[in-house]
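The values are calculated or read from the model by the stated rules, or taken from the named source; none is laboratory data. None of these values were measured; they are calculated from a predicted model. Methodologically, a virtual Cβ is constructed for each residue, glycine included, from the backbone with ideal geometry; neighbour enumeration extends over all protein chains shown. Areas reflect the complete protein model, heavy atoms only, side chains present, ligands, DNA and RNA absent. Shrake-Rupley method; radii C 1.70, N 1.55, O 1.52, S 1.80 Å.
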Amino acid sequence: MSLENKNNKPVRDSQIAVNPDPIPYGRQNITEEDIQAVIETLKSDYLTQGPRIAEFEEAFSNYVGSKYAVAVSNGTAALHLCAMALNVQEGDKVITTPITFAASANCVRYCGGEVVFADIDPETYLLDINKVRELLEASPKGTYKGIIPVDFAGRAVDLEAYRNLANEYGLWIIEDSCHAPGGYFMDSDANKQHCGNGNFADLAIFSFHPVKHIACGEGGMITTNDEKLYDKLLQLRTHGIVKDETKYINSPAFAIGSTVRSSVVGTYPNWYMEMQDLGYNYRLTDFQAALGISQLKRADEGLAKRREIAATYLKAFKEKKFIKGQSGVIEGHAYHLYVLEVENRLGLYNYLREHYIFAQIHYIPCHLMPYYREFGWKEGDMPNAENYYKQCISLPMYPTLTDDEQSFVIEKINEFYNV
Ligand SMILES: Cc1ncc(COP(=O)(O)O)c(C=O)c1O
């Protein structure tokens, strides 16, 4: 049977019973220790913005190697705050990749900016720096404000190269590192540069959604080495409120109230605070932070397991004729996803589902989402991304995937292609 002729019906129904436990593409790993950490915090005096937040921020900034970290309610909120802190305004043009979750682009729109997509490199699946350069060269300097490269699937972007380019054009960089805590690239001096370490990007963001490396339920983190941006993010995370008397705009007399004797005017009362900017409530809770701290302790262990799984997939599918491309084994890759590009993707996807293997597709190109089509984006604008989308499929990839489960996935893929 040719692959084209294979329909989307089960090929061998009897095999459905072989694996009654579904195998998803990603899954959280919650241990008894994680549960105890959350329970302890629930019994404490703080449910939100207590000591666990600062502890999580410190542990996370140590993990990625940045000076500062700001915990927020999710990765989308992190992106929004970054765009606000960098002062994205109505009409500001910002470049990003079409192969990402829509949030990477949407943060620009939240601030009224214009999203400009540049195509991906078909080998790495990352935003192609040459395409970004072409865009920048084609317009007068000052046309673009920033770039949002994404460490897609866990593969670290070469941010040194992006920094050099951004400096030429006076641009900021937000690294969307939702897929890559623990990932790194090698810089031109052969040093490891960890995702989110702040050495090249102005700001980096992470997500703690359950399928990510670290799960908080919902949660996010922003990292930076820039103290001013850090202060701004803290303020915007909580309604734009400032609680620092050296920064107050209203006078102490106003703060105290008109009935107070003039001798105390000059000091601000304890209750006083000022809302100086339009911020949001993007806070993480203390019990989510407790979960994050506990999860972070096992992050390296999880990463090592992800890399092992990737090596097994690579070995299984190397040189198979149905493979058009795959994530491979790349130094510093954090393997949030293991992507294959294959013939007859829909057939394979359905065949795997028949066997309770729930592969996923990452991503439908962002520029072809109906929302972005409204801005004039259309088929043919990003040929590499569109071609990738036609054949990509993300295989199960998470630290608790057992050897037997992975063998089952590999067996079913080979079976589908009759090899
Ligand atoms: C690349 C990327 N950016 C941003 C986000 C948004 O993160 P969150 O779901 O925590 O809001 C995600 C989450 O799926 C993502 O994969």
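Structural remarks
- Overall form of the chain per C-alpha gyration tensor (a/c, 1.5; a/b vs b/c): prolate
- Its Cα centre serving as origin, the chain has a Cβ charge dipole (Lys and Arg +1, Asp and Glu -1) of approximately 500 debye.
- Gyration tensor (alpha-carbon) shape descriptor, segment 309-373, a/c threshold 1.5: oblate
- Environment charge of VAL150, counting only residues whose C-beta is closer than 11 Å and scoring Lys/Arg +1, Asp/Glu -1: -2
- In terms of packing, defined here as the mean over residues of other Cβ atoms within 10 angstrom, the peptides 47-59, 178-190, 203-215, 311-323 line up highest first as 203-215, 178-190, 47-59, 311-323.
- Förster-model FRET efficiency, 60 Å R0, ASN270 and ARG353, C-beta, rounded to 0.05: 0.50
- Subtracting the Cα-Cα distance of ASN199 and ASN62 from their residue separation scaled by 0.36 nm leaves 47.9 nm.
- GNM top mover of THR224, THR96, THR143 - the chain, alpha-carbon springs below 10 Å: THR143
- Modelled spin-label separation between LYS192 and ASP21, with each label point placed 7 Å from Cα along the Cα-to-Cβ direction: 3.1 nm.
- The chain, relative contact order in percent, only Cα pairs under 8 angstrom and at least six apart counted: 23
- Counting Lys and Arg as +1 and Asp and Glu as -1 over every other residue whose Cβ lies under 13 Å from the Cβ of ALA310, the net charge comes to +4.
- Principal axis dimensions, largest first and in whole angstrom, of segment 325-419 by Cα: 47, 32, 21
- Amide H to amide H distances under 5 Å link TYR338 with LEU395, where only residues 5 or more positions off or on other chains count and H is placed in the peptide plane.
- Distance from segment 313-391 to segment 77-155 (C-alpha centre basis), Å: 21
- Backbone amide hydrogens, once placed in the peptide plane, bring PHE358 within less than 5 Å of ILE23, TYR25, excluding anything fewer than 5 places away on its chain.
- Karplus-based coupling profile of segment 213-218, in residue order and whole Hz: 4, 10, 10, 10, x, 10, with θ = phi - 60° in 6.51 cos²θ - 1.76 cosθ + 1.60 and x standing for Gly or Pro.
- Using a probe of 1.4 Å on the protein chains alone, the accessible area found for LEU352 is around 0 Å².
- For LYS93, the residues whose amide H sits under 5 Å from its own are GLU114, LYS145, ignoring neighbours fewer than 5 places away on the same chain, with H placed 1.01 Å from N.
- GNM flexibility winner over the chain from ILE309, ILE357, ILE241 (Cα, springs under 10 Å): ILE241
- Of the trypsin sites (Lys or Arg not before Pro) in segment 118-149, the ones in a loop by DSSP (not H, G, I, E or B) with at most 11 other beta carbons within 10 Å are LYS141.
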